[in-house]
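J.: Take this structure, written in structure tokens, and hold onto it; I'll ask about it next.
The values are calculated or read from the model by the stated rules, or taken from the named source; none is laboratory data. Since the structure is predicted, the reported quantities are computational estimates derived from the model, not experimental observations. Here Cβ is always computed from backbone atoms with ideal geometry, including for glycine, and neighbour counts include all displayed protein chains.
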Amino acid sequence: MVLRTTGRAFLGEAELTEREGAVLLALAGTVFSFTAVAYRAVDAANDWQFLAYRGGSTALAMLGLVALRHRSRPVDFVATTWKAIVAGFLLAITSMLYILALSRISAATTLLLLAAAPVYAAVFGWLLLRERVHSATFIAIGVTMVGVAIMVGTGLDAGSGVGLVFAMLIPILVGLYNVVLRSAPGTDPVVPALLAGVFLALGATAAAFISQWRSRGVMERRSFGMCEWGSSARDRVTAVQPWTPVGSRRAGVASAYDRDRSCPVVGLDLAR
């Protein structure tokens, strides 16, 4: 029943009740958690390439939804305001930081910090929209923040400090996104999602090209390991072997060979 109503709501033919919206939110959170699994399973693309495909697929999905709704409830792009653009930009930055955080710290730590997003949404709603926050909500906020602080403070695979900062920024941006979207009640949620996909695809594609160009310049200077054999300049032979290709996430092993003797050269992938 809920799935049928949800499908009709996506097409603009029905409205979700508060209970159905809560069920849909729980399902969305479950599906969202599989993003980390999908990201870990990809080896042939670096972070920016993954983000470019992620943004492009999001934009295409939203365009498909726009096409499905063109008869029942068309998306009104003319009514798009600056708040919708800001919301789309915040959503794109959030998606970018999520993947960059996953590449530097564990998925458990990232998702744990993401759980604080409702806390920031309530606080920002209270500060910016003057929304009333009940005492029970304040208690829940306090308990959540204490739990997050304990788990992170005890060293839950913190990993990179930069990755931890990225993960801590995610719930803040999600809270701001929710507040901006609620401050524009006439904005169709499809519009910010579509803009986020476009922003993310364009930005990540540009970053991928820049990253590959810079990595190629570095590898032209440092991508060859050298090994010399022989006691004199006349007998000495230098063998070289390139590192692993640009874009690989794994460290590579390069081996240099000199006639019937070998000299292994081990180097790290400079693409990241």
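J.: Among the residues of segment 41-60, is there at least one that is within 15 Å of Val191 (Cβ to Cβ) and among the hydrophobic types (A, V, I, L, M, F, W, C)?
T.: Here is the first cut: in segment 41-60, the ones within 15 Å of Val191 (Cβ to Cβ) are 58-59.
When the remaining residues are screened for being among the hydrophobic types (A, V, I, L, M, F, W, C), the result is 59.
Looking for residues that are within 15 Å of Val191 (Cβ to Cβ) and among the hydrophobic types (A, V, I, L, M, F, W, C), one finds at least one in segment 41-60, hence yes.
J.: Can you tell me which residue within segment 6-30, out of those that are in a helix (DSSP H, G or I) and in contact with a helix residue (DSSP H, G or I) (Cβ under 6 Å, 6 or more places away or on another chain), is modelled with the lowest pLDDT? Can you show your working first?
T.: Step one: of segment 6-30, the residues in a helix (DSSP H, G or I) are 6-10, 18-30.
The next check asks that each one be in contact with a helix residue (DSSP H, G or I) (Cβ under 6 Å, 6 or more places away or on another chain); those that pass are 6, 20, 23-24.
Values: Thr6: 68, Glu20: 74, Val23: 77, Leu24: 76.
Applying the filter and picking the extreme gives Thr6.
J.: Find all pairs meeting these conditions: Cβ atoms under 6 angstrom apart; at least six residues apart or on different chains; first residue within segment 210-221 and modelled with pLDDT of 75 or more; second residue in a helix (DSSP H, G or I).
T.: Close Cβ pairs satisfying both conditions: Ser211/Trp48.
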